[in-house]
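Here's the structure we're looking at; comments come further down.
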Amino acid sequence: PMLSIRSETDTESRGALNFDIRVRNALGTAHEIEYNCELKFDGLALNMRYEHGVLVRAATRGDGESGEDVTQNIRTIHGIPLHLKNCGAEVLEVRGEVYMSRRDFNRYNERQRAQGLPALVNPRNAAAGSIRQLDPKLAAQRPLSFFAYGLGEVHGWGLPATHSAILDALQTFGVPVCSERAVVRGAQALADFHARIAAKRDALPFD
């Protein structure tokens, strides 16, 4: 299953503090928690299945249980490896987000308008619509990117001890991982990371 995340709607520092309280209560501990901080990308969630390092299937999240097979379209995204580097896992499902960068979105729309063709509405819809194209040739014309953020089914690979180490490992396999992440300890450090990202959010190359 590809489950949705539980959102914290309070964007002030107390939102991070309240989140930390819920985590410590769930774990039954008063100790400081180590967090892997990363971004929530605005695109289309994707599950890619690699068998013995080879991409064999890609699917959208769908209803969380059954997704749409978009393998042929995903093969057209240059940043997604068709073969993983030095990974012989029997099964490794990589989960992440397909997105269109702001620069690529603007460039694509400029070309469309110059040819008198319809422009895309926003990067998120552009990514989702491109992946769901029935013709892979049309999907290949859209400049899409991908960031991994987690795993699905895994067989034949010893999982690293932490989530941050999993992301590091995926990067060594050749899978794109966003560099805007950090490992921090405690609620205040979590709030500080959120504040740093909020300050430069508009300058990020993606939504």
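The values are calculated or read from the model by the stated rules, or taken from the named source; none is laboratory data. Just so we're clear, the structure is a prediction, and the values are computed from it rather than from any experiment. Cβ atoms come from the backbone with ideal geometry, glycine included; neighbour counts cover every protein chain shown. For accessibility, only protein heavy atoms count, side chains too; no ligands or nucleic acids. Shrake-Rupley method; radii C 1.70, N 1.55, O 1.52, S 1.80 Å.
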Which pairs have Cβ atoms under 6 Å, sit 6 or more apart or on different chains, and link a residue in region 75-95 that is within 12 Å of VAL175 (Cα to Cα) and small (Gly, Ala, Ser) to one that is open to solvent by less than 10 Å² (accessible area, probe 1.4 Å) and at pLDDT 95 or above? GLY79/PHE146
Over 30 Å from LEU190 (Cα atoms) and open to solvent by 10 Å² or more (accessible area, probe 1.4 Å): is that true of ALA45 in this structure? no
Quick one: ASP104 ticks every box in (1) open to solvent by 70 Å² or more (accessible area, probe 1.4 Å); (2) among the charged types (D, E, K, R); (3) touching a Ser or Thr at 6+ places or on another chain (Cβ under 8 Å); (4) farther than 20 Å from HIS155 by Cβ except a single one, so which number is it? (1)
Condition set surrounded by 17 or more Cβ atoms within 10 Å (Cβ to Cβ) and among the aliphatic types (A, V, I, L, M), scope region 170-183, selection farthest from PHE41 (Cα to Cα): answer is LEU170
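Of all the residues that make up region 137-170, how many are of a type outside the set (Phe, Trp, Tyr), more than 19 Å from TYR35 (Cβ to Cβ) and either at pLDDT 95 or above or not in a loop (DSSP other than H, G, I, E, B) (or both)?
Residues of region 137-170 that are of a type outside the set (Phe, Trp, Tyr), as a first pass: 137-145, 148, 150-156, 158-170.
Checking the rest, the ones that are also more than 19 Å from TYR35 (Cβ to Cβ) come to 137-145, 152-156, 158.
Those still in the list that are either at pLDDT 95 or above or not in a loop (DSSP other than H, G, I, E, B) (or both) too: 137-140, 145, 152-156.
Qualifying residue count, region 137-170: 10.
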Only one of ALA119, ALA58, ALA89 is more than 18 Å from PHE147 (Cα to Cα) and either at pLDDT 95 or above or in a strand (DSSP E or B) (or both). Can you tell me which? ALA89
Just one of the numbered conditions (1) among the hydrophobic types (A, V, I, L, M, F, W, C); (2) in contact with a Gly (Cβ under 7 Å, 6 or more places away or on another chain); (3) open to solvent by 70 Å² or more (accessible area, probe 1.4 Å) is not true of VAL121; which one? (2)
Test set (1) open to solvent by 20 Å² or more (accessible area, probe 1.4 Å); (2) within 30 Å of ASP192 (Cβ to Cβ) - SER66 fails condition number: (2)
